[in-house]
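Step one of this worksheet: look at the structure below.
The values are calculated or read from the model by the stated rules, or taken from the named source; none is laboratory data. Worth saying up front: this structure is predicted, and the values here are computed from it rather than measured. Quick reminder, even Gly has a Cβ in these numbers, built from the backbone with ideal geometry, and neighbours come from all protein chains shown.
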Amino acid sequence: MFSIETGSGFWTPIVWVIAIVVAFLVMYIIRMFGNKTYKKNTEQTKSFLSGNPEYPKEQMQIKASNLYWGFTQSMEGFYNLLRKMHTGNASDYVLWFVIVLAIFLLIEVI
Amino acid sequence: MSIPLPEYTPALIIAIPLLGAFLTPLISRINDKLRNIFVILVLGLNLFFVSILAYNIFTKSAQEPYIMKYVFGGSQNIDLTLPIVRILFEVDAMSIFMAIIASTLMFVAVIYSWAFMKENTGLDKYYTLMLLLTAGMLGMMLTGDLFNFFVFLEITSISSAALVAFWTHKGESVEAGFKYILISTIGALFVLFAIAILYGQYDALNIAVLANAIQYTFLDKIALVLLIVALAMKAGIVPMHMWLPDSYSRAPATVTVALVGATLASLYGVLRVIFTLYGNILLDPAKFDIPVNIFIGWLIIPLAVISIIVGVMMALRQTDFKRLIAFAAVAEIGYIFLAIGTGLAAMGTEYGRTALEGGIFHIINDALDVGLLFLVAGAIYYATKEWSLNEMGGLARNMKYTTIFFIIGLFAVAGMPPFNGFASKLLIYESTFQLNPILAIVAILCSILLLAAFVKVFHSAFMGPKLPKFKDVKEVPKSMLFAMGILACIIIFFGLFPGLVLENIVRPAVDALLSNAQYLSMVLGGA
Amino acid sequence: MIYNIPYIAVVCLILIGLYALVYKRNLIKMIIGITLIQSGVNLFLITLGYRKGSIAPIYTSSPGGIMALPIPQALTLTSIVIGVAVLALMLSLVIHIYRHYGTLDVRKIGRLNK
Amino acid sequence: MSEMSKIVRTITSIAFPFAMIYGLYVIAHGHLTPGGGFQGGAIVASACVMILVAFGSKWTLDKIKEKRLSVFESIGAVAFIGLAFLGLIFGTVFFNNFLVGNEYLFGVIPTTGVANINTAGILPLMNFAVGLKVIAGLFAIVLVMAYATTNYKEGKK
């Protein structure tokens, strides 16, 4: 009921759920050892940026297009290829269909 | 044990949404609220009939494959081997499996539309098209006649294209709708061409009769390629996937959920063509020099791998929320096709069967996960009127429930362990590893990248400081939360009880696909 | 040979239609391309139902003799009906596209290209 | 679309009834001769479009509202599906031709080679339903398109 066999292994979500519950318990216990001097609405809660002033909220938010900058930069060539592929032109969509159809027909008939 | 149902239930499943579709404009002249209730009732009734029928078929096909046959407009006992033309519905475990997905998605979409589409005008046409789309999808899944399949395919395309372009005040929506109808029509016309080739040779349109007679001649090969390529294009396989992000991202969120169902209906068409229509050829590979199943399997696998890679890589650098999910959906379709290809190439072995089980399990998981994510994207659009991730931030502070639903969808779609996506992906990984380790490695790597793509969404939309411009953003209305909740509950249920789902729903469907001889004998009768 | 001419015409029509779809930039011309493919497929279906020396399948005061099988004709009619719906939808979408973009050039309307 | 010249309008007024009658004939004899609901409906709709072209969209829109047409369209579709459901009720099978055998309404079983309009059961009724839907639907499409293009030009000026 819970587990599935994959032929060479098996998967039981209940074990995983128990593991997650245990992990949360451990986390909670560690958290209990934390410092109890934390007070809300005091200087303590303000973020500390090595003494620099805090920017306005809009500038603190990292934009989605800046995330994974290194990854996209290193895959530049592949992404250029993909960008060339996605022209947004309806004729090209049909052209791709014709190309795939032609390749499949050639392989299949031979 | 099965629940007694009238024997005309398959016809009712199509007829109820059709009748509802044409009554909707008349009812909407009376009252708008009444119309919404009416549409929800119609789809609820439909879901009820589909579920009961599914229960019956799954229990009956636990021992051996069972097919429910329904002949339209005449006597139920006919000899199909004579050149008689009758429209038949042949409902086996696979078709009803897909029908459950389609009707659940449509039901959820209609509940969600109550609040989501409230401010739009012309909603009578919207609901009419939604019901027509339901009828078209269910027709594609239940029919046993190839030409009828084409007709329902066109009904699905036309109604969904009109729905994609429903926000006609936005140029991009109309553009996406035009691209969608262009691609769908070309696909459907080539499907019709292939059907005509088969009809010209064997003088029959019924799938079982054709499958019984098929010889795999030169023309049959052409028809097979035309059917697979055209239907795969409608299912959104790279490099013929470009229409998919366009139309998914610019349609209203409810329509996108319906489109997921329409895409999977085309995928069902591919499965039906390969495993049933050409099933006799595939199961008898000794007839030819190269075994046909390995040949077709290895034709599909490269396309599937390219789909996974391109879908994931494009998803990583998207900044438009719905477009990102759409590319993830392309990758998910790639996983399903990878499983189908592996199942074909390794037909007859133990892991080939495991691959097919994983693929078919992944169909339902894909529909649920991607559907939930699109609904979340729609909720964010409803609250902020923004598509772009660059403009969002800190929404978790105002939209708690939506955030929870997004986290569930994120983990499920990326295949994180206790959720349903992992169970099906594990089956796919294990079986592809035995066919070729490289395929499994690519699949696992891309799954991790998919998680990365959604973590990016999570970070940029939900985390971060509360932005001043979203100060007044509120949680979305209850009907939308309820619709998302239904999908989230099913996802968690499937995640916790994968064995139950696999045993009772997926296995009968796989059996139905693989046991071609029983299919033919049960439909053709007599023999 | 003479009986193969319809099939050659079918292939020609479909190829011309695909050519128009791929190389023509005007949306209306692309729709014409779709219609050409549709005509090709319809012609193919109708040709399959042809039988030499047969008469139209109408029972009313028929002179007798072999009748052509009406199934391909019925299929063609259904396909034509669907074609009308598709054509109407596409043309109305083109009207909307022209309103929003002010052009019918397929390269200029491709805004969804990231 | 603007109004055309007086000659065109006069000829249209003369030709319109003939086209109309021909279309209705094709619908009514759908079960006996080639044609039927869709074909006849298309003929009637083209007759209506002829009026639209000759008299201009403004004049036509004053006479016929698009909303009323869509009601007729729905009625046609509901009648079609309703007949199929009646087959389920009277004959236990969806789309059953339950009218065959009665002598009053299209129920006569025909003898070969003789044209008799009172035959074919529910087929003529379905033809009427489809005809109604096609007339209303096609005319509504062309009407809306004409309206859209007119509006666009006026907006530009």
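Yes/no per residue for (1) in contact with a helix residue (DSSP H, G or I) (Cβ under 6 Å, 6 or more places away or on another chain); (2) farther than 30 Å from B:ILE87 by Cα:
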| site | (1), (2) |
| --- | --- |
| B:GLY139 | yes, no |
| B:ASP145 | no, no |
| B:VAL151 | no, no |
| B:VAL164 | yes, yes |
| B:LYS170 | no, yes |
| B:VAL174 | yes, yes |
| B:GLY177 | yes, yes |
| B:TYR180 | yes, no |
| B:THR185 | yes, no |
(Q) Would you confirm whether or not region C:49-57 contains a residue that is of a type in the set (D, E, K, R), over 27 Å from D:ALA45 (Cα atoms) and touching a residue at least 24 places away in the same chain (Cβ under 8 Å)? (A) no
Pairs returned, first residue in region B:21-37 that is at the interface with another protein chain (Cβ under 7 Å from one of its Cβ atoms) and more than 15 Å from B:MET117 (Cβ to Cβ), second residue that is of a type in the set (Asp, Glu) and surrounded by 13 or more Cβ atoms within 10 Å (Cβ to Cβ), beta-carbon separation under 6 angstrom, 6 or more apart or interchain, are B:PRO25/B:ASP124
Given the conditions (1) farther than 25 Å from D:PHE38 by Cα; (2) in a loop (DSSP other than H, G, I, E, B); (3) more than 7 Å from every other protein chain (Cβ to nearest Cβ), every one holds for C:ILE109 apart from (3)
Of the residues in region B:190-207, those that are surrounded by 24 or more Cβ atoms within 10 Å (Cβ to Cβ) and either closer than 25 Å to B:LEU123 by Cα or without any contact (Cβ under 8 Å) to a residue 24 or more places away in the chain (or both) come to B:ALA196
In region B:136-162, residues that are under 18 Å from B:ALA230 (Cα atoms), away from every other protein chain (no Cβ under 12 Å) and out of contact with any strand residue (DSSP E or B) (no Cβ under 9 Å at 6 or more places or on another chain) total 2
Restricting region B:434-469 to residues that are buried (at least 19 other Cβ atoms within 10 Å of the Cβ) and among the aromatic types (Phe, Trp, Tyr), the one modelled with the highest pLDDT turns out to be B:PHE454
All conditions in (1) at pLDDT 90 or above; (2) away from chain A (no Cβ under 14 Å); (3) over 12 Å from the mean Cα position of the chain (by Cα); (4) crowded, with 17+ Cβ neighbours inside 10 Å are true of C:CYS12 except (4)
Per the filter on region B:131-148, residues over 14 Å from the mean Cα position of the chain (by Cα), assigned to a helix (DSSP H, G or I) and either over 29 Å from B:GLU175 (Cβ atoms) or of a type in the set (Asp, Glu) (or both) are B:LEU146, B:PHE147, B:ASN148
Selection over region B:496-524 where residues are farther than 12 Å from B:TYR66 by Cβ and either outside any helix (DSSP H, G or I) or within 14 Å of chain A (Cβ to nearest Cβ) (or both) yields a count of 13
Taking region B:12-69 and keeping residues aromatic (Phe, Trp, Tyr) and out of contact with any helix residue (DSSP H, G or I) (no Cβ under 7 Å at 6 or more places or on another chain) leaves B:PHE48, B:TYR55
Review point. Quick one: would you say C:TYR3 is in a loop (DSSP other than H, G, I, E, B), aromatic (Phe, Trp, Tyr) and more than 10 Å from every other protein chain (Cβ to nearest Cβ)?
Key: no
Taking region D:127-157 and keeping only residues that are farther than 21 Å from D:VAL53 by Cα and at pLDDT 85 or above, one is left with D:ASN127, D:PHE128, D:ALA129, D:VAL130, D:GLY131, D:LEU132, D:LYS133
For this session: Examine region B:338-358 for a residue that is under 15 Å from the mean Cα position of the chain (by Cα), touching a residue at least 24 places away in the same chain (Cβ under 8 Å) and part of a helix (DSSP H, G or I), and state whether such a residue exists.
Result: yes
Among the residues of region B:203-245, the number that are assigned to a loop (DSSP other than H, G, I, E, B), more than 7 Å from chain A (Cβ to nearest Cβ) and under 21 Å from A:LEU101 (Cα atoms) is 6
- Task: Could you tell me whether any residue of region B:493-501 is buried (at least 19 other Cβ atoms within 10 Å of the Cβ) and without any contact (Cβ under 8 Å) to a residue 40 or more places away in the chain?
- Result: yes
Expected single match for within 14 Å of chain C (Cβ to nearest Cβ), of a type outside the set (Asp, Glu), in a helix (DSSP H, G or I) and out of contact with any Lys or Arg (no Cβ under 7 Å at 6 or more places or on another chain) among A:VAL15, A:VAL94, A:VAL26 is A:VAL94
Is there a residue being crowded, with 19+ Cβ neighbours inside 10 Å, in contact with a Ser or Thr (Cβ under 8 Å, 6 or more places away or on another chain), more than 19 Å from A:GLY9 (Cα to Cα) and within 13 Å of chain A (Cβ to nearest Cβ) anywhere in region B:393-409?
yes
Exercise. Answer yes or no as to whether B:VAL510 is in contact with a Lys or Arg (Cβ under 9 Å, 6 or more places away or on another chain), on the phi < 0 side of the Ramachandran plot and buried (at least 20 other Cβ atoms within 10 Å of the Cβ).
Key: yes
When every residue in region A:29-63 that is in a loop (DSSP other than H, G, I, E, B) and of a type in the set (Val, Ile, Thr) is compared, the one nearest to the chain's Cα centre (by Cα) is A:ILE62
